[in-house]
Structures are given as structure tokens and as C-alpha cells.
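This report refers to the structure that appears directly beneath it.
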Amino acid sequence: MKVAVVGATGMVGQVMLKVLAERDFPITELIPVASERSVGKKVTYKDKEYTIHSMEDAIAAKPQIAIFSAGGNTSKEFAPKFAEVGTTVIDNSSAWRMDPTKKLVVPEINATSLTKEDKIIANPNCSTIQMVLAMSPLHREYGIKRLVISTYQSITGTGVKAVEQLENEYAGEKGEMAYPYPIHRNAIPACDVFEENGYTKEELKLVNETQKILDDRSIAVTATAVRIPVVGGHSESVNVELRAPFEEKDIRKVLNETSGVTVQDNPDTNTYPMPIYAEGKNDVFVGRIRRDYSQENTVNMWIVSDNLRKGAATNAVQIGEYLVANGLV
Ligand code: 2RA
């Protein structure tokens with residue numbers, strides 16, 4: 001299978017190549033794509049060097065699949081051009097997520113909705129993916145009435161500039177700032193830009209994408225997204241108001257039986273998810289599961305996952321695996 005990876009030199013693109021290799025995706029020809037200034041440079045896949053192509057050359061090659069992680073503007077401009085030559089695009093930007101004609105897919109939840117006609121498929125936002133994967137079985141079993149989410153997000157979600165800012169701050173050196181404030185020894189309640197209503201784009205993604213993926217606009221969602229000096233993954237505190245009574249043991253059972261979810265939850269042994277241990281893994285880790293005694297039918301939980309993997313690259317590759325396994329490409 002001819003596969004293009006657009007944004008191959010970026011942080012997510014590099015993880016994409018790693019995950020494609022780890023999962024032995026059936027690639028017969030890899031077409032790495034990056035910005036004009038990177039054309040001709042090399043990237044490594046399965047210990048072999050591959051030359052970076054221009055977008056035009058990659059489109060002309062007519063790959064079966066193109067996995068994008070190159071920002072919304074690039075995706076808006078070039079995803080349709082790939083689709084026109086018959087390529088199925090899996091896009092990791094926000095460009096197509098809320099487009100009513102495009103599917104927003106977490107394979108374990110809604111890949112079955114995909115058809116051959118879906119030529120541009122949207123990969124959800126990282127903080128959404130890890131959360132909805134845990135919420136989906138609860139919505140199925142009990143119905144979800146309301147979600148109150150607080151996120152504690154890795155600086156890798158901002159990009160390499162933020163990682164470099166944190167490293168400089170650790171080293172006590174000056175450098176380019178991704179944020180107008182220090183990241184080290186700080187917590188910044190602003191992931192992405194603010195909208196008119198006082199919420200950030202990140203917070204509104206959690207609201208809108210959750211309702212679309214779970215296909216239920218009646219779910220009330222509110223979120224506060226915070227950036228913290230961590231690199232391994234995103235953590236989220238989620239308060240879940242269900243539409244029916246529950247037993248905590250049944251919540252654990254339902255989550256334990258969910259593909260892609262690992263429950264780590266034993267206060268007696270200080271067992272709970274933490275980003276330093278989630279880094280490099282593909283699962284979504286759930287713990288601190290406990291009834292919210294302040295409100296009926298409500299449960300609290302803590303959800304952690306590597307935002308570059310299940311939050312981006314792995315989810316996109318899993319969409320590709322579903323397409324291949326079901327003869328949709
Ligand atoms: C973030 N969710 O963490 C976004 C991914 N770029 O900032």
C-alpha cells in the first residue's frame with residue numbers, strides 16, 4: 001500500500017512513522033511529505049532513510065492513504081487535492097472535525113460508520129480522544145447527562161517550541177518563548193486561543209467533538225484546559241453525571257472491558273494513572289474512579305494518555321488499519 005505521511009518531520013509526524021513501523025502497517029511505498037524547505041531531506045522509517053517529497057509529487061503518486069499532521073491550513077488546501085486523485089485522507093488537524101460532511105473517528109467507538117465514500121476522515125483532538133474512549137461505554141450503558149472536565153496538558157501538545165522553552169527554563173537559559181509566561185513551575189490556563197465567550201479553542205473542542213463522536217447533542221459538557229510542565233501525556237479530571245444509578249464496581253468492569261482502556265485504580269497501593277508512565281504507550285489509562293457524593297448518579301475519574309500516540313498518531317493509524325481491514329481503501 002502506498003502511504004503518504006504529510007508533516008513527516010513534525011513531532012506528531014515522527015511518532016506517526018514510529019507507530020506505522022511498530023504496528024507493521026502494510027506499506028509497500030512510503031511517501032514522506034513536509035514543507036518546501038524540507039523537500040529532499042531525509043526521514044527514517046524502519047531503519048531506512050526516505051527522501052521527503054513535495055506535496056505536488058505526493059499527490060501525483062496517488063497514494064491509497066495520506067495521513068496528515070501539518071496544520072489546518074495545509075489540510076484545508078491539500079486534503080481535497082489528494083481526495084480528488086482517489087486518496088483517503090486521515091487528518092489530524094481541526095480543519096474538518098466539525099464539518100457535517102466529514103466523520104470524526106475514534107475507531108473503538110465509531111469506525112463502523114466509515115464507507116468507501118469517506119475520502120477525508122477527521123482525527124479528533126488529543127484531549128477529546130482519551131476522554132471519549134472512556135466515556136463511550138458509560139454513555140452506552142447508562143447515558144451521560146453532563147461532563148465537567150479539567151485537563152492538565154503536556155506541553156508537547158503545543159509543539160516543539162514549547163518543549164524547547166521548558167528545556168531552556170530548566171537549564172536557566174533564555175530562548176524563544178512559546179508562551180508569554182514561564183512554563184517551568186507554572187500552570188497556564190490557556191491551551192490554544194480564547195474565543196469571544198471566554199473559552200479557549202481547546203475547551204470548545206472538548207465540548208463539540210464529544211457531542212459529535214458520541215452522536216448526542218444533549219450531553220452537557222464544560223471544560224477548563226490547563227497547560228502544565230509535563231511531556232509524557234495529557235491528564236484529565238472528569239466528573240460524569242449519568243442518567244441512571246450505578247455501582248462503582250460496574251463502572252470499573254465496563255471500563256476494563258473497553259478495548260484501548262486500561263484501568264489503574266487501587267488507592268491502597270497508590271495505583272493510579274500518571275503521564276510519566278503513560279508516555280510511549282497507546283492505551284488510555286483510567287483511575288481514581290469514585291462516586292461523587294455531592295450529586296446523584298455521578299462519578300469522578302482521572303484519565304491519562306500519551307497525547308502524541310492515542311491522542312494523535314496511534315488513533316490515526318488505527319483508522320488506517322480499519323480502512324485496510326474492511327476493504328475501504
Ligand atoms: C494541545 N490539543 O494539546 C492540542 C494539540 N495540539 O495543545
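The values are calculated or read from the model by the stated rules, or taken from the named source; none is laboratory data. Predicted model, so just to flag it, every value in this text is computed and none were measured. Here the Cβ positions follow ideal geometry from the backbone for every residue, glycine too, while neighbour counts run over all protein chains shown.
Tabulated results
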item: Residues located in segment 134-193, provided they are assigned to a strand (DSSP E or B) and within 12 Å of the ligand (Cβ to nearest atom); result: T151, Y152, Q153, I188
item: Members of segment 238-254 that are among the basic types (K, R) and not in a loop (DSSP other than H, G, I, E, B); result: K249, R252, K253
item: Those residues of segment 201-225 which are of a type outside the set (K, R) and within 19 Å of A312 (Cβ to Cβ), in sequence order; result: E202, E203, L204, L206, N208, E209, T210, I213, A223, A225
item: Hey, G320 within 16 Å of the ligand (Cβ to nearest atom), touching a residue at least 12 places away in the same chain (Cβ under 8 Å) and not in a loop (DSSP other than H, G, I, E, B) or not; result: no
item: Subset of segment 13-34 [outside any strand (DSSP E or B) and over 16 Å from N92 (Cβ atoms)]; result: A21, E22, R23, D24, P26, I27, T28
item: Qualifying residue in segment 40-61 (condition: outside the structural domain of H139 (by TED's automatic domain parsing), in contact with a Gly (Cβ under 9 Å, 6 or more places away or on another chain), closer than 30 Å to M131 by Cα and assigned to a loop (DSSP other than H, G, I, E, B)); result: no
item: Residue that is of a type in the set (D, E) and surrounded by 21 or more Cβ atoms within 10 Å (Cβ to Cβ), where the choices are E247, E236; result: E236
item: Selected residue (criterion: farthest from I188 (Cα to Cα)) from residues of segment 231-255 that are among the basic types (K, R) and touching a strand residue (DSSP E or B) at 6+ places or on another chain (Cβ under 8 Å); result: R243
item: Selected residue (only one of S218, S235 is assigned by TED's automatic domain parsing to the domain that holds E195, on the phi < 0 side of the Ramachandran plot, within 16 Å of the ligand (Cβ to nearest atom) and not in a helix (DSSP H, G or I)); result: S235
item: So R309, is it closer than 18 Å to Q153 by Cβ, basic (K, R) and away from the ligand (no atom under 14 Å from the Cβ); result: no
item: Of residues in segment 101-133 being among the small types (G, A, S) and in a helix (DSSP H, G or I), the one nearest to V231 (Cα to Cα); result: S127
item: One residue from A178, A134, A187, A122 being out of contact with any helix residue (DSSP H, G or I) (no Cβ under 7 Å at 6 or more places or on another chain) and more than 18 Å from S69 (Cα to Cα); result: A187
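Here's the yes/no breakdown for (1) surrounded by fewer than 16 Cβ atoms within 10 Å (Cβ to Cβ); (2) in contact with a helix residue (DSSP H, G or I) (Cβ under 8 Å, 6 or more places away or on another chain); (3) outside the structural domain of P107 (by TED's automatic domain parsing); (4) without any contact (Cβ under 8 Å) to a residue 24 or more places away in the chain:
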{"position": "L242", "(1), (2), (3), (4)": "no, yes, yes, no"}
{"position": "L255", "(1), (2), (3), (4)": "no, yes, yes, no"}
{"position": "G260", "(1), (2), (3), (4)": "no, yes, yes, no"}
{"position": "Q264", "(1), (2), (3), (4)": "no, no, yes, yes"}
{"position": "P273", "(1), (2), (3), (4)": "no, no, yes, no"}
{"position": "G280", "(1), (2), (3), (4)": "yes, yes, yes, no"}
{"position": "D283", "(1), (2), (3), (4)": "no, yes, yes, no"}
{"position": "V286", "(1), (2), (3), (4)": "no, yes, yes, no"}
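Every residue, every condition in (1) under 19 Å from V6 (Cα atoms); (2) surrounded by fewer than 18 Cβ atoms within 10 Å (Cβ to Cβ); (3) touching a Cys at 6+ places or on another chain (Cβ under 6 Å), yes or no:
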residue	(1), (2), (3)
V85	yes, yes, no
V89	yes, no, no
S94	yes, no, no
I120	yes, no, no
M135	no, no, no
